[in-house]
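Just so you know, all these numbers are worked out from the coordinates, no wet-lab data involved. Since we're looking at a predicted model, the values are computed, not measured. Here Cβ is always computed from backbone atoms with ideal geometry, including for glycine, and neighbour counts include all displayed protein chains.
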Amino acid sequence: MCRGADMSQVNMHELSVCRALVRTVDETRRQRGAAAVRHVTVRIGPLAGVEPDLLRFAWDAATLDTPVAGATLEIQQAPLIVRCRACGATSAGQPADLRCRACHSSATALESGDDCVLVGVDLLLPAPADLC
């Protein structure tokens with residue numbers, strides 16, 4: 001957690017998301033026989049219901065006293081993409097405006113932008129001599 005931060009300021013939703021990430025990342029670490037986790041990358045869409053700044057803030061609290069402690073968290077922004085059911089075009093949307101940019105129809109389906117995805121984990125593998 002940020003030094004001097006009050007635990008009561010950690011958002012419980014983002015903390016829960018971080019804890020789920022920690023479980024998944026630690027399972028990956030164990031499966032690969034890694035000594036530690038260096039870096040975790042997630043991609044979050046604007047409609048995912050996860051606030052990137054709050055997720056960053058909760059990361060240190062969620063990883064404290066776990067094998068993932070000390071790993072950095074990188075958050076990538078996922079684009080908001082809609083597919084038009086009227087004309088078939090795909091276009092970038094805005095959280096408050098999901099209309100088709102080609103024909104302006106509101107009959108669109110969300111293609112991406114509501115996801116929170118673990119993209120990558122950078123692991124510290126033991127040196128070959130340490131494997132024995």
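So the values come out like this:
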{"quantity": "Degrees between helix 52-63 axis and first principal axis of the chain (Cα, 0 to 90, nearest 10)", "calculated": "20 degrees"}
{"quantity": "Acute angle (nearest 10 degrees) that the helix 12-32 long axis makes with the longest principal axis of the chain, alpha-carbon atoms", "calculated": "60 degrees"}
{"quantity": "Volume of the Cα convex hull of the chain, divided per residue and given in Å³", "calculated": "124 Å³"}
{"quantity": "Estimated FRET transfer efficiency when R0 is 30 angstrom, pair Ala92-Leu125 (beta carbons, to 0.05)", "calculated": "0.15"}
{"quantity": "FRET efficiency, Glu111 to His39 (Cβ-Cβ, R0 25 Å, nearest 0.05)", "calculated": "0.35"}
{"quantity": "Packing-based exposure ordering (other Cβ within 10 Å, fewest first) of Leu64, Leu80", "calculated": "Leu64, Leu80"}
{"quantity": "Pairwise label distance in nanometres, Asp53 with Glu74, each label 7 Å out on the Cα-Cβ vector", "calculated": "2.3 nm"}
{"quantity": "Dipole in debye (nearest 20) - the chain, about Cα centre, beta carbon charges: Lys, Arg +1; Asp, Glu -1", "calculated": "380 debye"}
{"quantity": "Charge dipole of the chain about the Cα centre (unit charges at C-beta), most positive-ward option of Pro67, Ser106, Gly45", "calculated": "Ser106"}
